Amino acid sequence: MARKAPTKLARLMKTGLLVLFIIAASVGATLYYSLQQSSTPAWLAWAEKGQSVEAAPAPDEPPVVKVNAKPIFAPLDPFTVTLNENGRSRILYVGITLRVQDDGSRSMLVEYMPMVRDRVLKILAEQRPTYIQTSEGRQALVAQLSAGLKEPYAPNTAVPNINDVLFTAFVIQ
């Protein structure tokens with residue numbers, strides 16, 4: 001005897017039953033694991049007392065301190081400086097981006113940008129090319145730039161909160 005091919009309705013019913021089974025398994029697994037996490041889930045405890053879930057007081061947890069999830073950067077236009085060492089001139093091309101703590105620090109840097117660039121140029125011009133080519137020299141340069149940029153910008157007495165000085169380009173020729 002030949003078997004009949006399943007009809008469209010039969011295939012649709014099988015697919016529907018499979019989807020229902022998957023949903024039921026998912027809900028069951030979720031409830032099982034949530035019951036395992038705590039002895040009595042909050043929604044069940046409040047339902048047993050006849051109170052709604054919306055009326056539940058906040059748990060006794062310390063408040064979460066908001067931390068800037070996204071970093072705030074203040075890019076500076078690239079700098080080109082002539083460096084002299086032992087009578088020999090070399091050119092330093094450096095791109096710098098500052099990582100700041102908050103938008104207030106970024107706007108302060110933008111507001112005082114001519115003074116920011118002047119401080120950076122003065123610090124860069126004092127460098128020796130052979131030293132800043134080393135890892136140790138670059139770390140020292142980062143420390144000098146960070147200290148120089150964290151000083152107050154007259155007449156403002158506030159200082160920008162600079163977390164890091166990042167080199168986005170660094171070429172000595």
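The values are calculated or read from the model by the stated rules, or taken from the named source; none is laboratory data. On a predicted model such as this, the values are computed, not experimentally measured, just so you know. FYI the Cβ positions are ideal-geometry reconstructions off the backbone, even for glycines, and counts take in every protein chain you see.
Is it true that L17 is in a helix (DSSP H, G or I), at pLDDT 90 or above and among the aliphatic types (A, V, I, L, M)? Spelling it out, it is not the case that L17 is in a helix (DSSP H, G or I), at pLDDT 90 or above and among the aliphatic types (A, V, I, L, M). At least 3 residues being in contact (Cβ under 8 Å) with a residue 40 or more places away in the chain is the threshold, and among the helices (runs of 4 or more DSSP H) wholly inside the stretch 68-173 those reaching it are 103-111, 113-125, 129-132.
Screening G137, G148 for residues that are surrounded by 14 or more Cβ atoms within 10 Å (Cβ to Cβ) and in contact with a Phe, Trp or Tyr (Cβ under 9 Å, 6 or more places away or on another chain) leaves exactly one candidate, G137.
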